[in-house]
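Trainee: This structure is in structure tokens; I'll ask about it shortly.
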Amino acid sequence: MTESSPIATLSPRRHGANIGQPLTRRDGILKVTGQARYAADNHPPDMLHAVLAVSSIARGRVTFLDVRAAKAHPGVVEVMTPANRPKLAMDPDEKANPFMFRMEVLQNDTVRYSGQPVAVVIAETLEAATEGAALLAPRYETEPARVGLDDNDIFITPAVGAGTPSEVRHGDVEAGLAVAEHRIDATYETPAQYHNAMEPHAIVAAWDGDSLSIDMPSQALAWAQQRIAGLFGIAPENIHIRSPFLGGGFGSKGVMSGPQILGILAARLVGRPVKLVLRRDQMYGPVGHRAPTRQTFRIGADREGRLTAIHHHVRTATSTFDDFFEPSGQVTRTLYASPAIATTADAVRLDTGTPIFMRAPGEASGSIALESAIDEMAHAAGIDPLEFRLRNYAEIEPVSGKPFSSKALRECYAQGAARFGWHGRPLAPRQMRDENGLLVGWGLGTATFPAIMFEGHARAVLRRDGTGLVETGAHEMGQGAWTALAQIAADSLGIDLDQLEFRSGTSDLPDAGIAGGSAHTATAGIAIHGAGAATIAKLAELAMNDNRSPLFGAGNAGVLARRGRLIRCDDESRSESYADILARAGLPEIEGSGRGACDPAATGAYAMHAHGAVFAEVKVDPELGQIRTTRLIGAFAAGTIINPRLVRSQYYGGMIWGLSFALHERAVMDPRSGRVMNANLAEYHVPVNADVPSIEAILVEEFDPYVNELGIKGVGEIGITGTAGAIANAVWHATGVRVRRFPIAIEHLIGSEAAL
Ligand code: MOS
């Protein structure tokens, strides 16, 4: 947690005026006025443009590139191929941990997937580089592409996600199924999805000897620094990464990708700064995706609708050259009580880029299948889906047997149901129509996401003029980190926000950990909280040991830090300003540092998750099968809410992603070429405003004494998890057609047995 404070009476829950306030984004004006500078907005003097040439086959070898034609093009300065690529200090296919991904950086002529970089053209202008890349006209030796879940041999996955066990068994599933009164055996399929952040991956790289300056969006600055340091054989502190804003990342900017390394290599090769920005279609391959899954459930329940067994088997895909396995079974290990639970996994290797973490990795794909299966089970048992979930409410985490550090899911169900008007919902499907004759359905999904922390650090300073400074390399990726973390910072120092300078977004600052796993506010926030507390503790020591201070001798009673003053806890009339304390001590400033990380004792003893319940209404045209989501209400409990305005916005974003998962998103692969055929934002569907109904997010109160000192859980990803299933269940309730292949589309409804 934080560095130990010498003043034990400084309350760690010293919430000041800022935590909990619905402040607007500190970066809002910069963004709407175009002043926020993203990586690709940088143009250092003498900069060249680099454009990737990418493979149009999925498997084989590059046999020819017309480098001469490309180099002859006016403006082209250099063409980088495996023949002249600068050497790396380490094999890019070396892998030391699950967060390190293998990459294609022109190490040889092998093609592993469609869209893989095969050359880089560097030119004076973007146009010249683009034209040069087209002139390369690669020729290939081609082998058949394997891009479907049935296209290669199945193997048991070694571990899934970030290294959790592939197989988990608790109780006797076969015995539980044998005694069940009701059974569901069903298979669900989820498609490959691509991150599609608004801002494509970009890099502007400039070398100065062995020192490297980079502008690049990153969700994990210190990791990026380490990875680049390893590949180029230089010291991490010689790598300066600026990443003040990200236009989204969703996991794909959490690890270094091949194209970014190629930008750095290109700058090395030509000895000038180089900018490399991916085109939208180039985002479908070398920077990760969510793998497709085929998930089979076998579930049993007794006469009263209590689960007797759940078996969740997940088949997924990875690339031919790396190991990342979508951990879809995780939700099943934590969400519902059952005497027997098993989650198993296997996978197939495909000629695609390597899948990686993508927004609720595993939880999103696993949840839509689990929530659909639970809904099917409730229907088979003849029980209302909400009542069924309450009957199987997990009072402890079922597989681990640990108590929850906090769990206000019952309140989420109750508040969401009341607000939605769930009561009175007909059990049978196809019972409701609106005034225009459209079929109406109501569905429910339980949301869950683990509350984790990475390790992060921060530094705080109080200055003699009464202002404060807090520094941490945190990542503002649209979620509002600048704002929420500054709120924590101001409270940690006991000053007003306008007295605080908050510095963030570069790798030269203390490592703030990773903006991922919905863990950024907790990780960086606790580091900041600790840094502020350590600073205040030093200041308090100065005052309390000085007989000229009104705080002299306050030792046992302790002091509070508020609005730039230290105040005696036993007598609030006795206080002194920070400025006065520092002036008398003859100090220009005083500083402290803090660390945020999970407490192994607490995570060993407790299961830590955020929870929620999402209620959806859909309307389906009985003739056309067109589906519209018309209402979405989510009630979420995620511990301490630092900024309710930003948290609502996170929930809305998550819920819209859930809607997208249920009804829109899918990468369509061409089985012959192995290409993603809809590699653009016109045909890769995500919801637009017209697809998004009235959305509400209810912030359910929850106090968690164990997750960390401020009680913060994550809010970024949980919204996806309940929503996708809620919408799928609402579609069934409207139509009576159970679609088990996502996204649910018109053809599933009008082409099905129970045709509309
Ligand atoms: Mo993420 S997959 O936590 O950006």
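Trainee: Please list the non-local residues whose amide H lies under 5 Å from the amide H of T308, H modeled 1.01 Å from N, same-chain partners needing a gap of 5 or more.
Mentor: Residues meeting the amide H criterion: G300, A301, D302.
Trainee: Here's something else I'd like to know. Alpha carbon centre of region 111-184 versus region 614-679: separation in Å?
Mentor: 23
Trainee: Carbon and sulfur atoms: what percent of the 1.4 Å accessible area of the chain do they account for?
Mentor: On the way: 13910 of 27240 Å².
Carbon-and-sulfur percentage of accessible area, whole number: 51.
Trainee: Using θ = phi - 60° and the Karplus form 6.51 cos²θ - 1.76 cosθ + 1.60, what ³J(HN,Hα) does each residue of region 433-442 get, whole Hz, x for Gly and Pro?
Mentor: 9, 8, 5, 9, x, 6, 6, 10, x, 10
Trainee: Any chance you could run the full-extension gain for E189 through T320? It's 0.36 nm times the residue separation minus the Cα-Cα distance, nm to one decimal.
Mentor: Working it through step by step, the gained length comes to 45.0 nm.
Trainee: Okay, next question. Using 7 Å Cα-to-Cβ label points, what is the Q107/K31 separation (nm, one decimal)?
Mentor: Output for this residue pair reads 3.7 nm.
Trainee: Within 10 Å of each candidate Cβ there may be at most 16 other Cβ atoms; applying that plus a DSSP loop requirement, which GluC sites (Glu not before Pro) in region 546-644 survive?
Mentor: E572, E623
Trainee: Please give the Cα centre distance for region 234-282 versus region 289-328, rounded to the nearest Å.
Mentor: Taking the Cα centre of region 289-328 as reference, the centre of region 234-282 is 35 Å away.
Trainee: Continuing with the same structure: Cβ neighbours within 10 Å, averaged per peptide: list 100-109, 366-375 in order, most packed at the top. Mind showing how you got there, number by number?
Mentor: Numbers: 100-109: 20.2, 366-375: 28.6.
Descending packing order for the listed peptides: 366-375, 100-109.
Trainee: To the nearest Å, what is the center-to-center distance of region 438-510 and region 21-93, using C-alpha atoms only?
Mentor: Here the answer is 30 Å between Cα centres.
Trainee: Only helical DSSP H runs with n ≥ 4 go in: add -39500 (n - 2.57) per run for the chain, normalise by residue count and round the 222 nm mean residue ellipticity to 500 deg cm²/dmol.
Mentor: When only DSSP H runs of four or more count, the value is -7500 deg cm²/dmol.
Trainee: If each residue of separation counts as 0.36 nm, what is the full-extension length gain between T24 and T164 once their alpha-carbon separation is subtracted?
Mentor: Extending this stretch completely gives an extra 46.6 nm.
Trainee: Moving to a separate point now. Suppose all protein chains stay in the model; what accessible area per residue would a 1.4 Å probe give for region 611-652, in Å²?
Mentor: On the way: 1210 Å² over 42 residues.
Here the per-residue accessible area is 29 Å².
Trainee: Taking H as built 1.01 Å from N, whose amide H comes closer than 5 Å to the amide H of V160, not counting residues under 5 places away?
Mentor: Excluding prolines and chain starts, which carry no amide H, the hits are S166.
Trainee: So, R0 is 30 Å and r is the distance between the beta-carbons of A137 and M677; what FRET efficiency does that work out to, to 0.05?
Mentor: Efficiency, from the Cβ-Cβ distance: 0.85.
Trainee: Tell me, what is the per residue accessible area of region 296-436 in Å², probe radius 1.4 Å?
Mentor: Accessible area per residue: 30 Å².
Trainee: What are the ³J(HN,Hα) couplings of region 39-44, residue after residue, when phi is run through the Karplus curve with 6.51, -1.76, 1.60 and θ = phi - 60°? Round to Hz, x for glycine and proline.
Mentor: Karplus values, whole Hz, x for Gly and Pro: 3, 6, 7, 8, 9, x.
Trainee: Still on this structure, I have one more. How would you order 434-442, 340-348 from highest to lowest mean count of nearby Cβ atoms within 10 Å?
Mentor: So the order, starting with the most tightly packed, is 340-348, 434-442.
Trainee: Using a Förster distance of 41 Å, how high is the FRET efficiency between Y393 and T125, based on the Cβ-Cβ distance and rounded to 0.05?
Mentor: After rounding, the FRET efficiency stands at 0.10.
Trainee: Considering only protein heavy atoms, what per residue accessible area in square angstrom results for region 467-519 with a 1.4 angstrom probe?
Mentor: Ligands and nucleic acids excluded, the result is 21 Å² per residue.
Trainee: Quickly rank 133-140, 528-535 as a protection proxy: mean count of other C-beta atoms within 10 Å, highest first.
Mentor: Most protected by this proxy first, the peptides run 528-535, 133-140.
Trainee: Looking only at region 410-539, where both bridge partners belong to it, what percent of the DSSP beta bridges are antiparallel (to the nearest 5)?
Mentor: Roughly 60 percent of the DSSP beta bridges within region 410-539 come out antiparallel.
Trainee: Quick one: what are the phi-derived ³J(HN,Hα) couplings along region 270-284, Karplus 6.51/-1.76/1.60 with θ = phi - 60°, whole Hz, x for glycine and proline?
Mentor: 9, x, 9, x, 10, 10, 10, 10, 6, 6, 3, 5, 6, 6, 9
Trainee: Shifting gears a bit: Across 10 Å bins from the origin, how do the percents of Cα pairs in the chain run, short distances first?
Mentor: 3, 14, 22, 23, 19, 12, 5, 1, 0
Trainee: Then there is this: Looking at region 619-756 only, what percent of DSSP beta bridges run antiparallel? Nearest 5 please.
Mentor: Numbers: 4 of 10 bridges.
The antiparallel fraction comes to roughly 40 percent.
Trainee: Sticking with this one: Which percentage, to the nearest 5, of the DSSP beta bridges contained in the chain is antiparallel?
Mentor: Percentage antiparallel, nearest 5: 80.
Trainee: Hey, can you grab everything whose amide H is under 5 Å from the amide H of R430? Only 5+ residues off in sequence or another chain; H modelled, so Pro and N-termini drop out.
Mentor: Residues meeting the criterion, in which the H sits 1.01 Å from N, are A734, T735, G736.
Trainee: How much length is gained if the chain between E237 and T63 is pulled fully straight, taking 0.36 nm per residue apart and subtracting their Cα-Cα distance, in nm to one decimal?
Mentor: So the chain would gain 58.7 nm between E237 and T63.
The values are calculated or read from the model by the stated rules, or taken from the named source; none is laboratory data. Being a predicted model, the structure only gives us computed values, none of them experimental. So basically every Cβ, Gly included, is an ideal-geometry build from the backbone, and we count neighbours across all protein chains shown. What goes into the accessible areas is simple: the full protein's heavy atoms, side chains included, and nothing from ligands, DNA or RNA. Shrake-Rupley method; radii C 1.70, N 1.55, O 1.52, S 1.80 Å.
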